[in-house]
Amino acid sequence: MKTIYYADDDILEIRLSDAPIVKETSQGWNINLSFDAGGNLVELVILEAREAGLLPALLDTRKAA
């Protein structure tokens, strides 16, 4: 599992596996889920994560492209 927080955009990305993403869905306006070919959750992306209080204790911070 890998967690990256993009501070400038307040986006939290939680990557659960390195499997290729084949399907993406939204759960509300600020949560996006990505799945592999077997239907397993690969990635979770949360917009406005700091505002929602969903930040982990240790962060790998990067700037979004």
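Coordinate-derived values only; no laboratory data. Here the structure is a predicted model, which is why all the values come from computation and not from measurement. Cβ coordinates were reconstructed from backbone atoms using ideal geometry, including for glycine residues, and neighbour counts include every protein chain displayed.
Output wanted: per-residue J couplings in Hz (rounded whole) for the range 35-44, from phi through Karplus 6.51 cos²θ - 1.76 cosθ + 1.60, θ = phi - 60°, x for Gly and Pro.
Result, rounded to whole Hz: 10, 8, 5, x, x, 7, 5, 9, 8, 10.
Can you pull out the chymotrypsin sites (Phe, Trp or Tyr not before Pro) in the range 1-54 that DSSP calls coil and that have at most 11 other Cβ atoms within 10 Å?
Working: sites: Tyr5, Tyr6, Trp29, Phe35; in loops: Trp29.
Within the range 1-54, the qualifying chymotrypsin sites (Phe, Trp or Tyr not before Pro) (loop, at most 11 other Cβ atoms within 10 Å) are Trp29.
Could you state the orientation-averaged shadow area of the convex hull built on the Cα atoms of the chain, in nm² to one decimal? Don't skip to the end; give the middle numbers.
Values: hull surface 18.4 nm².
With every direction weighted equally, the projected area is 4.6 nm².
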